[in-house]
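**Student:** This is the structure I want to talk about, given as C-alpha cells.
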C-alpha cells in the first residue's frame, strides 16, 4: 500500500510540474545559471575587489547602511511599496557580495549578518503586494500612471530574487517568493493587455494607446520577469506565462522606440528620444537593467516575438546597435560637468551614470558637480539614489570606470534637434546648446515638450550661465515651460504654445547650415510661430565667445522681445548668483561661482528699449529660485535683426560697444583681438560704421564679421551669403558666387577656410602657397603680379593654405599630450611634445574654484630645439583637495608665450565625520559634522536599549541640551535625508 501511495504521489507531482511549465520560456542558448540580472557569478570577484577603491567603497558603504535597516510596515502606499522593493534589492546585493566595510577595510560579512540579510530579503519577497491598478477608469483615464511605480517595484524584486539565487538560495527556499513574483508579473501583464471599455462599442488597450516612457517601463518590467522567472508557467492563466511576458514586453519596447508612427526614436539615424533627456533616463532606469539581464541570459541572437497578431524578428537589445544611437545621442549633448541639459521637461541637476549598465565605458562620463548646491544632486550617490529608484547596486555591479568625453567642437544632430558648440571636453569648457527640434522628434514629444523652439542654454568655467528653466514636476510644468521662460524671441510678448499630452508645442524647428573651422563654428536654427519666421544664426568665435544673429520676418509689424535668462539675481545673495545692470550700455552681467556672462545686445536701427525682469527656474525637483532676465525690444517692425555678443569670462571681458545704423545691427569688441560684426536684412555692400579699425570694413553678407589681432594683422573673417569683404579699398576675400565663407589665419604660415558651395575664391597672398588642400578643391592658381590666390572649388568644403616658411621660422612647440593625476604625494602633471624650436620651457599654472585666475606654481626647463618626442613632468606637492585646474604657459627664448588646454581634476570627496564634545557630558553636548557640504542631517540620541530620547535636525554643528536625561551611556548617530548614516556613531557618557 505504501508503494501505491508513493507512486500516485510521484505521478501527481509529475503532472503538476508538467502543467506548471506551460508557457515557460527556454530560448536557444539561454544560460540558466544565477545571478543573471545585474551581473554574472564570474563577475562577483572583480566587483568585490573594486570595493578597495575610495569612490566605490563610499558608494557601497552607503548602500550597505541602507540595506540593514528594518523594512517599513507600509505595504500599501506607493512610497511604502517602493521602499520595501528597494530594500530587498539592496539587501540581496550585499548578501551576494558578502562584504562589509569597517574603518576603510573590506572584509567578508559575518555569517549571522549575511543570514539576516537573506532572511530580510526573503521576507520582503514573500510579502510582496502584488496588486496592480487597472489601465483606466471613467474617473481616471490615466490610472496606469501608477505603473511607473509598479514596474520599478517588480524589477527591484526580480533582481532581489535573482541575486539571492546567486548567493546560494535554492528554488525550494524561495518557492513562496517565486509564486508571489509570478503573480505580480501576471497582474501587470493582465492589466496591460486587458481592454478598457468606457462604452460597449469603444475599446482601449494600454500598449495600443500609450507610446511613451510609461509603455517602455512596463514592457521592460515584463521582459525582466521573463528572464528571471523563465522556468515558471501556468496552464490556467496566460498572463502568468513567461512567454507572454517576453512577447508583450520586447515586442512593445521595440515598437515604441523604433517602429510605431508615434515612435520615440528612429532606427536608421541618431534621432534622440522624443520626450527629451530626462524622460529618456526615466524610461531607461527600467530598460537598462532588463537589457543587461538579456545580455547575461542570452547570446547575441535574433528571435521572433509577437503581439496582437503581429510578429517581428528582434535582436537581443543588449547587443542591438540601434540602442547605441540613443547612448551616443545622450552623451553627445551632456554638459561639460556631466549633467543632462535641461531640455524640454528635464531636471537641471541630473546626470546619467546609469549608462554604466550598457557595459560600454565610452558611454559613462565623469561627473564634476562641485558647483551644485547642497540641495541639488551634487554627488554620485545622490545621482544614483534619487526619489524614484536606487541604482547604486546596478552601478556597482557594472564596475566600469568613466571615460573622458571626446565630443567634437560642433555637434550637429538634426534628427534630434541638437546643435552644440564646445570649446573643449574638460569640465571648464564653454558650451552652448541651441534647440532645433522638428520632425518626428518634435511631433512625438507630446506632453513633455516645452515652448522652446530655437532657445539656447550656455555653460562655461564650471557654471551654467544662461538658463533653460528646467522642470519642477509634471504637475507644475506649466509654471516653467512657457516661451517667456526660455532664451528665445517673443512676438507681441508671446511665443509658441507649451506641449500637452498627444499635442506637442506648435513650433517645429530645423537645423540648417552648419560648419566648423579652426577658429569659428557656425550653425543656424529656424522656426516659425505667431505669424513670424525666426532664424537664429550662431557664431562661436575662437572658442571664446558667441555671436547670435536673430533674423525675424513677418507680414505685419510686431513688437519683438529678445530674452536672456541668466544665472544670477540682481541684489541677490551669493547662493543665487548676481546680476549687474548695465542696460545703459546695452548689456548685463551675471556672475555665479566665479564665472561671469556678459551679454551685449542690439537690433537693426538700435533697440527700442532695454528692460529687466525677475523670473524663476528650477533648482531641483519641485524647488525653484529667482533670476534676472534681460529683455531687449524692437517695436513697430515687420522684420528686424538682433545681434548679441555672449561673452563668458572669469577675470576680464572685452569691451563691447554698439555701432548699429538704420540698416544694420552692429557690435564691436576690443580685447586681445579687435572684432567687428554687423547683420543686415539684404545682401548689399555696406560699410561698418564703428571706426574700430584704422580702415573701414565693407561687406555684402547677411552676417559679416572681421577681426584683427592686437598688432593689427588679419585674424579672421566670416560672410553669410556674401561675395566680398573689403578692408579699406582692398578686398580680403572675393567669391564668384554668393556663398557663406569663413577664412582665418591659423598659424605663422597657415590659413584655413570654408565655403558653402561650388565657387571660385580670390584671396590676397604675399607669397605663392606651398600647398592648398581640401576635399572640394579642383585647382588653384597664384598670380604673382597681383599677389592673389585663386581657388576653384567644386562643392562645399573646408580647405587649408600653407605658405613657405619665411627666414627659416618654424612653430616653436608641438604639444601632443597633457595630463594630471592625483597621487598620495599630490598631483603629478605630465606632458609630451612632438618637436621644439627655441623652447625656453614651461610655466606650470594652477587655479582653484576659489581663485579668479591662474597662478604659476613651478617652471620646467625646455630642451631648446628638438626634433624628436620629449616627455616632461612636474609634481604639485601642495595640490588642494578641492577641484583644481592646470595649464602650461610655454615660453619661447624670445619671450613669446603660448597656453596649453586646461586640465581639470575634480575635488577629492570628503569623508563625513561625526564628533561629540565634551565627553563625559553633564548639561549639553556639542555635535560637529564635517565633510557633509552643509547638508541637512538628523541627529538622534539613543539610550542603551536603542530607544530614541532626542532628535534634532542640524547643519554642520549643533548644541544638544541633555540636562534632563538620566546619567548613563548614550549613542549619537547622524543620518541624511535618505536614512543613510553620516559618519560613525559616537558613544556619549552623561554624568551628574
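**Student:** Which angle from 0 to 90°, rounded to the nearest 10, does the C-alpha axis of helix 175-193 make with the longest principal axis of the chain?
**Tutor:** It works out to around 50 degrees.
**Student:** Taking 0.36 nm per residue of separation and subtracting the Cα-Cα distance, what length does fully extending residue 825 through residue 714 add?
**Tutor:** 35.3 nm
**Student:** Could you put 300, 231, 675 in order, starting from the residue whose Cβ has the fewest other Cβ atoms within 10 Å?
**Tutor:** In increasing order of surrounding Cβ atoms, one gets 300, 231, 675.
**Student:** Could you work out [θ]222 nm for the chain from helices alone, using -39500 (n - 2.57) per DSSP H run of at least four and dividing by all its residues? Round to the nearest 500 deg cm²/dmol.
**Tutor:** -6500 deg cm²/dmol
**Student:** Right, here's the next one. Let a ≥ b ≥ c be the square roots of the eigenvalues of the Cα gyration tensor of segment 632-774; is it rounded (a/c under 1.5), or, if not, prolate (a/b larger than b/c) or oblate? Could the numbers behind the result be given before it?
**Tutor:** Values: a/c = 1.93, a/b = 1.29, b/c = 1.50.
Because a/c hits 1.5 or more and a/b fails to exceed b/c, segment 632-774 counts as oblate.
**Student:** Work out, step by step, the length gained on full extension between residue 55 and residue 786: first 0.36 nm times the residue separation, then minus their alpha carbon distance; give nm to one decimal.
**Tutor:** Once the chain is fully extended between residue 55 and residue 786, it gains 256.6 nm.
**Student:** Counting each pair of different Cα atoms once, what's the Kirkwood radius of segment 913-990 in Å, rounded to one decimal? Spell out each step's value before the answer.
**Tutor:** On the way: mean 1/r = 0.0809 Å⁻¹.
After inverting the mean inverse Cα-Cα distance, the result is 12.4 Å.
**Student:** Once a ≥ b ≥ c are taken as the square roots of the eigenvalues of the Cα gyration tensor of segment 490-641, is the result rounded (a/c under 1.5), prolate (a/b larger than b/c) or oblate (a/b not larger than b/c)?
**Tutor:** It is rounded, given that a/c, with a ≥ b ≥ c, falls under 1.5.
**Student:** Just check segment 410-802 against the gyration tensor rule for me: Cα atoms, a ≥ b ≥ c as the square roots of the eigenvalues, rounded for a/c under 1.5, and otherwise prolate or oblate depending on whether a/b exceeds b/c.
**Tutor:** Details: a/c = 1.81, a/b = 1.63, b/c = 1.11.
In terms of gyration-tensor shape, prolate.
**Student:** Take the alpha carbon atoms of segment 577-603, find their center, do the same for segment 202-221, and report the distance between the two centers in whole angstrom.
**Tutor:** 47
**Student:** Can I ask one more? Using the basic label-point model (7 angstrom from Cα toward the beta carbon), what is the residue 102 to residue 947 distance in nanometres?
**Tutor:** 2.9
**Student:** Report Rg(Cα)/(2.2 N^0.38 Å) for segment 810-905, keeping two decimals.
**Tutor:** With N residues counted in segment 810-905, Rg over 2.2 N^0.38 Å equals 1.07.
**Student:** Right, something else. Measure nothing fancy, just the Cα-based angle from helix 242-254's long axis to the longest principal axis of the chain, in degrees from 0 to 90, nearest 10.
**Tutor:** Helix 242-254 and the main axis of the chain meet at about 10 degrees.
**Student:** Can you give me the angle between helix 54-67 and the longest principal axis of the chain, using Cα atoms only, in degrees from 0 to 90, rounded to the nearest 10?
**Tutor:** With rounding to tens, the tilt is 40 degrees.
**Student:** Follow-up. For segment 104-197, what is Rg from Cα atoms divided by 2.2 N^0.38 Å, rounded to two decimals? Numbers along the way, then the final one.
**Tutor:** Numbers: Rg = 17.1 Å, N = 94, 2.2 N^0.38 = 12.4 Å.
This ratio for segment 104-197 stands at 1.38.
**Student:** Relative contact order for the chain: what percent, with Cα pairs under 8 Å and sequence separation of 6 or more? Please list the in-between numbers first.
**Tutor:** Details: 2436 pairs, mean separation 57.1, N = 992.
RCO, the chain: 6 percent.
**Student:** Relative to the present Cα-Cα distance, how much length would full extension add between residue 957 and residue 771 at 0.36 nm per residue of separation?
**Tutor:** 60.1 nm
**Student:** Over the alpha-carbon set of segment 510-583, work out the extent along each principal axis and list the three values in angstrom, largest first.
**Tutor:** 42, 40, 20
**Student:** Mind sorting out which of (i) 40, 38, 33; (ii) 55, 35, 29; (iii) 53, 32, 25 is the real semi-axes √(5λ) of the Cα gyration tensor in Å computed from the coordinates?
**Tutor:** (ii)
**Student:** In what sequence do 248, 874 fall when counting other Cβ within 10 Å, fewest first? Let's see the in-between values first.
**Tutor:** Numbers: 248 26, 874 18.
By the 10 Å Cβ count, ascending, the order reads 874, 248.
Laboratory data are not the source of any read-out in this text; all were calculated from the coordinates shown. The model shown is predicted, which means the values in this text are computed figures rather than measured ones. Here Cβ is always computed from backbone atoms with ideal geometry, including for glycine, and neighbour counts include all displayed protein chains.
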